[in-house]
Every structure is written in structure tokens, then in C-alpha cells.
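Derivation of every value follows stated rules applied to the coordinates shown; laboratory data play no part. Just so we're clear, the structure is a prediction, and the values are computed from it rather than from any experiment. Note: ideal-geometry Cβ built from the backbone for every residue, glycine included; neighbour counts use all protein chains shown.
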Amino acid sequence: MALAKRIIPCLDVDKGRVVKGVNFVGIRDAGDPVEIAKRYNDQGADEITFLDITASHEGRDTTVHMVEAIAEQVFIPLTVGGGIRELDDIRRMLNAGADKVSINSAAVYNPEFVKAASDKFGAQCIVVAIDAKQVGDNHWEIFTHGGRKATGINAVEWAVKMAEFGAGEILLTSMDRDGVKSGFDLGVTRAIVDSVNIPVIASGGVGNLDHLVDGVKIGHADAVLAASIFHFGEYTVQQAKQHMAAAGIEMRLD
Amino acid sequence: MIITLIDYGMGNHLSVRNALKRLGYDSSVSQDPAVIKSSDLIILPGVGSFRRAMENLNRLGLSEVIRLAATENGTPTLGICLGMQLLGSESTEDGVCEGLRLIENKITKLDGSSDIRIPHVGFNNVYWETNNDLTVDINQNSDFYFTHSYAMKDDDKTADYIYCDYGMPFVAGFRKENVFGVQFHPEKSQKNGLKLLKNFLEIKRA
């Protein structure tokens, strides 16, 4: 027995609906966020991540209300991301019932924000999301704006810096893989896991249950995040956990 | 029954209140000494830094209120996560800082020299040698959700303990008379967590 690896279903939410795109373009409706979160909670998910991809200011209140509604039904940790730019955004989400926030572009534009957030709310609730694309052999860069905008920042060096700045976890998404269902980018996952001492969540590309196993066994991720394989009923979270446990991975099954 | 969550500006009250509501109990959030004194059960939640939390509790005059409620009134008191650490004697987070001293246990950083990641995040199993009121109907090695970088030692030998191993064994929970603490988040640990909270709610004032 030891610290269990985590399965984290992710809800990408646009204008109040769970959606899933391929490479962040091409959207498919998957349903109501509160119902879906409740379903994953009942299936034994270890956490839930809610990413608001509307990211317009008008949508903020809707997100807060949804987070409140989810927090009433779900007794596992809830991470909220998308449009977290100021300390006050974090406070609002935590007050609505989120346990952690995921900071993405705001960290790229102003790394000091991560420091301030970690100092104020504690490292345990600050997840830094890294969207990476492979740009060469063993070389990955950070992209923003849903993978459209290159920053020239080396992803591995960035992860190390974010850990130093007080991130409690890294949520690593491979933008080449997102929605493609060909498995995690295990190269960048392993490179970042080996370079930092905080937990790393692998994301982007899960198409079957063996991909989850590979994320942990080859990528050495502490947690694996997936969306579409659960949204459209291909697999339940419980099936995924059983599959990983059968592959010899420590999972929470009770 | 009056259940009060202490508000000192650093707690995730809503999650705990949602869990209590699911169990059929109303609760309120307060920093009013009169309300705290008249409560049947006190919960001290908390996330963030030990030093800042103690500064807030001291500034609001709540440290003494909590100590008196727990000792003179015998009010069952439960600290959760940082709230549990605050019940201890001192923490080394951001320089040594004195706690509420309801239990003489020190808090130090998890040992990162072994092959572990810090913070300790996720579900881990807990175990105990002696049953206590919190462990009723909960199986040994049940999983609870942790997220922390500092951990309590079991210096005080008069308490009953729940342990977890992460690089080293540390205090995952304790009972010392009517004072209880859990390092994990029962409100985020699904059915095991709800069961443990229910056990606390059913404890009668001494």
C-alpha cells in the first residue's frame, strides 16, 4: 500500500456545457457539467478538473455557479481552470468550493503571479498548467491560446521554474496529442517528471486504457487526466482504475 | 446541535459544510467568541501557511477562545489539514511558530530526501494500533485524500493515533480526550471521509 496514482476526468466547459474538441478545435457536446461530475464521482474518480474554455468575462458568473453546484454533489477534490488571472479569481473559485485552481497563460505572462498565489493560498491549491508541443528532438515548447501561440519557452525548464515559484502540481498537456487519442506524449511527461519534485498530471491524447497505464509506467506521471474516453461512455472511470490496478499500479479501489 | 466552523480567513468552509449537509447536519461559520463558546462541536478547517493562520487566530483573539472551549468546556474539536497542525505545539514552516498547544506535537516538513514528491497529494492509506471514536466502522488501510508538505509527529504519547506513511510515518489523525485532528481531508475522501465525519458528529460532549 502506498500513495495511489490518480485518475482525473476532465470537463472542458464552454458556455455551460461539457465539450470536447480535437486539437482544441472542432467541438462536440458531451452534456451538463454537474451531471457529468456527479457520474464520475460515483464511478470512483479520484479528482475532477473543470476547465472553463469560454474564458470570457461574461461567462465567469456561470462558472462560479457551476462550481458551487458541483461542490455540493462531489466529495472529491475539484480543480478549476480557465481564465485564472488574478488573486481575486482564485479567491472566488475557492469560495465557490474549488480545492485547487489551474493557472495557465497568466503564469506565462507573469510568473510572479504563481509566487503570489502560492504564498497567499498555499502551494497545495496552485496547479500550473503547461501546454507543450514538440518542436524538435527532445525539445518541447510552451504554447498559449489553446495551442495557437508559440512562446519560445522550453517546457522542461519552465516546469522547473514553476515548481520553484511555488506550484503544488504540474498539469502537463501535450497539445499535439490533445483529442487525437494516440496516447500521452511520454517523452515530455518523463522529462518533466524527472526534472521536478512536485506531482505531475499527464494529459492529452488518451484513447484507450493502456494509454493510462503507459502514462504512469513509462511517463512516470503521478496522475492521469482524460476526457473523451469517459464522456462518451467508452469506458467508466472504475473500468480504468481496475485496468490500471491489474497492470500492477497502486490505485484506490474501495 | 450547534456545529461551528471557525472562520479565520483561511479555510475551505464550503466543502466541509457541504459534506456535513450531506450527512444531514446544519453548520455555521463564525469568528464570534460567544458563538464558539456555546457550540456543541467545533471544527477548525484550514489550508495555507501555518504562520499566517496563527497570526490571524491571534489577531482575532480566537486562539484563547478555542483553547478554552476545548479544555474548560470540553467541546469536541476537530482540526482538519492545516487546522489539525494548528492544534500542535509548533511548526517549522516559515521559521518556528507556536501553535495552539492542545497537543504537544511538533510539525516539520516531510522528508524529501527519499524518493517522494512534495507536496504529498492524493489518496493514501492510513492505519492505527488502537481504535478511537473517529475510526468506528472504518477499515484499516482505508484511503483518504491528502494534500500537504508539512506533517505532525507523535511526540505526545497520551493520544491515540492514526498513521500514514509517506517517506516516513506521520500523524494522519489523533484523538486526545475531546480534541481530534486529521491531516487528510475527510470532506474530499468520498465515503470513508463522510463516515469519519459522521463519527465525529456523533461524539458526545464530555
Once the principal axes of the Cα atoms of chain A are found, what is the range along each, listed largest first in whole angstroms? 43, 42, 38
Whole-angstrom gap from the range B:1-77 to the range A:32-55, using each part's C-alpha centre: 30 Å
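Work through the residues other than residue A:205 whose Cβ is under 11 Å from its Cβ and net out their charges, Lys, Arg +1 and Asp, Glu -1.
My count for the surroundings of residue A:205 gives -2.
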At what distance in angstrom do the alpha carbon centres of the range B:149-165 and the range A:79-132 lie from each other? 31 Å
Distance check, please: which entries in A:100/B:176; A:120/B:195; A:15/A:241; A:120/A:161 exceed 24 angstrom between their Cα atoms? A:100/B:176; A:120/B:195; A:15/A:241
For the protein assembly as shown, with only Lys/Arg (+1) and Asp/Glu (-1) charged at the beta-carbon, what is the dipole magnitude about the Cα centre, in debye rounded to 20? 440 debye
Under the 7 Å Cα-to-Cβ spin-label approximation, residue A:32 and residue B:22 lie apart by a distance in nanometres of 1.9 nm
Of B:178, B:73, B:139, the one that fluctuates the most in a GNM where chain B has Cα springs shorter than 10 Å: B:139
Could you line up A:40, A:235 from fewest to most neighbouring Cβ atoms inside 10 Å? A:235, A:40
Only counting other Cβ atoms within 10 Å, I'd like A:158, A:140, B:128 sorted with the fewest neighbours first. B:128, A:158, A:140
Restricting to chain A, compute how many DSSP beta bridges are antiparallel as a %, nearest 5. 35 percent
One would report the antiparallel percent of DSSP beta bridges in the protein assembly as shown, rounded to the nearest 5, as 45 percent
Roughly how many nanometres apart are two label points built 7 Å out from the Cα toward the Cβ at residue A:220 and residue A:85? 3.7 nm
Sort A:189, A:63 by Cβ crowding within 10 Å, fewest neighbours at the top. A:63, A:189
Quick calc: nm separation of the 7 Å Cα→Cβ label points for residue B:67 and residue A:150 -> 6.2 nm
Looking at the square roots a ≥ b ≥ c of the eigenvalues of the Cα gyration tensor of the protein assembly as shown, which shape do they give, rounded for a/c under 1.5, prolate if a/b is larger than b/c, or oblate? prolate
R0 of 30 Å, Cβ-Cβ distance residue B:109-residue B:204: FRET efficiency to nearest 0.05: 0.25
Among the aspartates and glutamates, select those whose C-alpha is under 20 Å from the C-alpha of residue A:20, and discard any that sit fewer than 8 residues away in the same chain. A:12, A:29, A:32, A:35, A:47, A:52, A:131, A:176, A:178, A:185, A:234
